[in-house]
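**Student:** After the structure tokens below, expect a handful of questions from me.
The values are calculated or read from the model by the stated rules, or taken from the named source; none is laboratory data. These numbers were taken from a predicted model, which means no experiment stands behind them. No Cβ is skipped: glycine too gets one built from the backbone with ideal geometry, and neighbour counts run over all protein chains shown. All accessible areas refer to the heavy atoms of the entire protein, side chains included, with ligands and DNA or RNA removed. Shrake-Rupley method; radii C 1.70, N 1.55, O 1.52, S 1.80 Å.
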Amino acid sequence: MSVHQEIKRVTTHRLTEMKQRGEKISMLTSYDYSMAKLVDEAGIDVILVGDSAANVMAGYETTLPITLDHMIYHGASVVRAVKRALVVVDLPFGSYQGNSREALNSAIRIMKETAADAVKLEGGAEIIESVNRILTAGIPVMGHLGLMPQSINKYGTYSVRAREKEEAEKLLQDAHLLEEAGCFSLVLEKIPAELGKKVAGELQIPVIGIGAGNGVDGQVLVIHDMLGMTQQFSPRFLRRYHNLATEIKGAVSNYIEDVKSLDFPNEKEQY
Ligand code: KIV
């Protein structure tokens, strides 16, 4: 690309247009500058600075411990790298559920201190007051229904959600509620493919799935999982595009061997 060619940024409006013309939306997580730069340069549509950072970056069992300050640190690092993708930052557990004023303050901090494009919140009717208040301030909101990892202590398990009629109906109602409130998009996590397709078919806004089948408008995965950096985590919905764990360990053990054997650095690698 020539220096004079401007990169056309992905906007929330562009995502809606993609849905309208049936073009699928690609979304991946990133949490740091170097990875986000590669992911953006590869042409991803949306980068999610997910609170899954709690798991893959910080080693916590759940997403609950990550703080607003941590999310801002990750969000700002990603935004500094990105030239094209839409950047969405997760509001962490405890920063929006309690009251809508706190939710608005948290969202404002994210927008001011990271310069991201939007925020994402988990939940439907229970958090609609917070969603409304954030939207009133002109901050684009992405919803998140189905398996909501911030509620793991309520579920007690990470298994598929909304298999039963009652939960499926509530999810559908919540999806409509979020769309009517003005959310620009919705993530559906780990639900039956048929339900994912139904939600995407009924809503005008783009529905992005993770373990929600291929009848939705786009897909999202955690970058560490799809690159094969995480090894223990193997849900059915995960496709690994690489085996970076093996590659990285191989490279590190070659380096160790070269250092020990005095092979590195050689004459050309010194001053
Ligand atoms: O935090 C995250 O990575 C997410 C995705 C799994 C959608 O919310």
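**Student:** Within the accessible area of the chain, what % is carbon and sulfur when the probe is 1.4 Å and the other protein chains stay in place?
**Tutor:** 52
**Student:** Let me ask something else about it. Tell me what the chain gives for mean residue ellipticity at 222 nm when only DSSP H runs of n ≥ 4 count, each as -39,500 (n - 2.57), the sum divided by the residue total, rounded to 500 deg cm²/dmol.
**Tutor:** -12000 deg cm²/dmol
**Student:** Rounded to the nearest 0.05, what FRET efficiency is calculated for residue 236 and residue 14 with R0 set to 41 Å and r the Cβ-Cβ distance?
**Tutor:** That gives a FRET efficiency of 0.85.
**Student:** By a straight-distance test (C-alpha under 24 Å), which lysines pair with residue 8 as possible cross-link partners, with residues fewer than eight away in the same chain excluded?
**Tutor:** Partners within reach: 19, 24, 37, 83, 112, 120.
**Student:** Cβ under 15 Å from residue 56's Cβ, residue 56 left aside: what net charge do those residues give with Lys, Arg +1 and Asp, Glu -1?
**Tutor:** So the environment of residue 56 carries a net charge of -4.
**Student:** All other residues with a Cβ under 13 Å from the Cβ of residue 113 taken together, and with Lys, Arg as +1 and Asp, Glu as -1, what is their net charge?
**Tutor:** With Lys, Arg at +1 and Asp, Glu at -1, the neighbours total +2.
**Student:** Follow-up. Residue 240 accessible area, nearest 10 Å², 1.4 Å probe?
**Tutor:** Counting only protein heavy atoms, the figure is 80 Å².
**Student:** Give me the one-decimal nm value for the distance between modelled label points at residue 164 and residue 193, 7 Å along each residue's Cα-to-Cβ direction.
**Tutor:** Taking the simple label geometry, residue 164 and residue 193 are separated by 2.5 nm.
**Student:** Please give the solvent-accessible surface of residue 259 in Å², to the nearest 10, using a probe radius of 1.4 Å with every protein chain present.
**Tutor:** Its heavy atoms expose roughly 60 Å² to the probe.
**Student:** Please work out how much accessible surface residue 74 shows to a 1.4 Å probe, ignoring ligands, DNA and RNA, in Å² rounded to 10.
**Tutor:** The value for residue 74 is about 20 Å².
**Student:** Here is a further query. Tell me the relative contact order for the chain as a rounded percent, counting alpha carbon contacts under 8 Å between residues six or more apart.
**Tutor:** Rounded, it is 15 percent for the chain.
**Student:** Right, something else. Please check: in the Gaussian network model of the chain (C-alpha springs, under 10 Å), which one of 225, 51, 258 has the largest mean-square fluctuation.
**Tutor:** Comparing 225, 51, 258 in a Gaussian network model of the chain, the most mobile one is 258.
**Student:** Largest first, how would 161, 21 line up by accessible area (1.4 Å probe)?
**Tutor:** 21, 161
**Student:** Which whole-angstrom value gives the distance between the alpha carbon centres of the stretch 176-206 and the stretch 55-108?
**Tutor:** Answer, in whole Å: 22.
**Student:** What list of ³J(HN,Hα) values in whole Hz, one per residue of the stretch 76-91 in order, does the Karplus curve 6.51 cos²θ - 1.76 cosθ + 1.60 (θ = phi - 60°) give from phi, with Gly and Pro shown as x?
**Tutor:** Result, ordered by residue: 5, 5, 5, 4, 4, 8, 8, 10, 10, 5, 7, 10, 10, 10, 6, 7 Hz.
**Student:** Can you work out the accessible area per residue across the chain, with the rest of the protein chains kept in place, probe 1.4 Å, in square angstrom?
**Tutor:** 53
**Student:** Between 108, 72, 256, where does the largest GNM mean-square fluctuation fall for the chain, given springs only between Cα atoms within less than 10 Å?
**Tutor:** Greatest mean-square fluctuation among the candidates belongs to 256.
**Student:** Would you mind putting 52-63, 228-239 in packing order, based on average other-beta-carbon counts within 10 Å, highest first?
**Tutor:** Most protected by this proxy first, the peptides run 52-63, 228-239.
**Student:** What net charge is computed for the residues neighbouring residue 241, neighbours being all others with C-beta under 14 Å from the C-beta of residue 241, Lys and Arg scored +1, Asp and Glu -1?
**Tutor:** So the environment of residue 241 carries a net charge of 0.
**Student:** Using the Cα centre of the chain as the reference point, and only Cβ charges (+1 on K/R, -1 on D/E), how large is the resulting charge dipole? Debye, rounded to the nearest 20.
**Tutor:** Taking the Cα centre of the chain as origin, the dipole is about 380 debye.
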